[in-house]
1. How far apart are the A:Arg118 label points across copies, placing each 7 Å from Cα toward Cβ, in nm, shortest first?
2. For peptide A:116-128, compute the average count of partner chain beta-carbon atoms within 10 Å of each residue's beta-carbon.
3. Between B:Arg118 and A:Gln93, what FRET efficiency comes out of the Förster formula 1/(1 + (r/R0)^6) with R0 = 41 Å and r the beta carbon distance, rounded to 0.05?
4. Tell me which lysines have Cα within less than 24 Å of B:Lys142's Cα, excluding those fewer than 8 residues away on the same chain?
5. When every alpha-carbon pair in the range B:99-151 is counted, what percent end up more than 14 Å apart?
6. Would you kindly work out, in nm and rounded to one decimal, the distances from the label point of B:Glu84 to those of the same position in each other copy, ordered shortest first, with label points 7 Å along Cα-to-Cβ?
7. For B:Leu60 and A:Ser62, what is the calculated FRET efficiency with R₀ set at 41 Å and r taken between the beta-carbons, to the nearest 0.05?
8. Heads up, I need the accessible area for B:Leu69: 1.4 angstrom probe, whole protein in place, Å², nearest 10.
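The values are calculated or read from the model by the stated rules, or taken from the named source; none is laboratory data. Given the structure is predicted, the values throughout are model-derived calculations rather than measurements. Cβ coordinates were reconstructed from backbone atoms using ideal geometry, including for glycine residues, and neighbour counts include every protein chain displayed. Ligands, DNA and RNA are excluded from the accessible area calculation, which covers all protein heavy atoms including side chains. Shrake-Rupley method; radii C 1.70, N 1.55, O 1.52, S 1.80 Å.
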2 protein chains.
Amino acid sequence: MTFRIMPVTASSAVSSEPRDPLRIYSIAELAREFAITARTIRFYEDEGLIKPRRQGLTRLYSAGDRTRLGWILRGKRLGFSLAEIKELLDLYQVDRTGVSQLRELQRRSRMHIEDLQRRRSDLDAHIKEFEDVEIQVAAELKKRGAETGND
Amino acid sequence: MTFRIMPVTASSAVSSEPRDPLRIYSIAELAREFAITARTIRFYEDEGLIKPRRQGLTRLYSAGDRTRLGWILRGKRLGFSLAEIKELLDLYQVDRTGVSQLRELQRRSRMHIEDLQRRRSDLDAHIKEFEDVEIQVAAELKKRGAETGND
DNA sequence: GTTAACGTTTACGTAAACGTCAATGTGGGT
DNA sequence: ACCCACATTGACGTTTACGTAAACGTTAAC
């Protein structure tokens, strides 16, 4: 039995509700839920990011597919390109039998975490700046209010 | 005298060194420092993100321009579009004489901070997942190591 | 004096991430 | 029988953020 690590699991579901793991979703359903278009979902499939089952031509999405889609969209919100997201997803689908492969996974995982932490620093700095602005504006408004009354 | 709030100041300089505030920079210098091309910098100017002085046709960048450029690039790293970055930068160049304008700034600033905090949540979740993966891989490697010796 | 390194504008090219038709099929309600 | 909502596959269009090349002008080095 192959060793499995799943970053995209029910526990990490983006849309929180604990759903039926056996449920299947239509493309329109997922599009509505995630506020994207069906075109987008099909595009992601073209790019190899999701591979839903098919009933004839019609796509059927599993709970796993849904979670995966949520994960993709979170990656997008974080500013990753689809290519990067694909790479990250692929990281977990590769065969993990060999120790050398585990080491490689470990290495890439670390690199990615370091990247994420750099982003976090950027983000924190950004937030801090805007919080400073808020404070200064509040102070100025208070001063104006004290001087002129209102507007 | 107009009330001024500057999010992009020396204190928030991206590239850390405390430089001469009177220094001027050539386009190639800035390009090297930030590891981008001159084309990119000119493009940002076309888009109204920076407005360097000119000596004839040649662009001369002040320390402020340089800091501003660093801020733009950090915004990019955070996944903002140039249009969004421009909007944020413009936010601070608008006349701030009126109280109503200060309130507007406060409102937009709050909205932006909320956006940034959502991003932070996404990012934290992402980091946590990959840290979990690291832990699991490490554990698996340890187990394998104990069982098989090495590779 | 010409080669190199820097600067300029104008303009066309491109990759990514979809949007937007068009043409078609399918199943359900009235 | 007809409409509506949903599905499909092309295929071309669009926006963003630059890359790249052409054609040209300075300044410094050899």
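1. List, nearest first: 2.6 nm.
2. Neighbouring Cβ atoms belonging to other protein chains average 6 per residue here.
3. Working: r = 29 Å, r/R0 = 0.70.
The calculated FRET efficiency here is 0.90.
4. The qualifying lysines are B:Lys128.
5. On the way: 981 of 1378 pairs.
Counting pairs separated by more than 14 Å, the tail of P(r) holds 71 percent.
6. In nanometres, ordered from closest: 1.3.
7. 0.10
8. Counting only protein heavy atoms, B:Leu69 exposes about 0 Å² to solvent.
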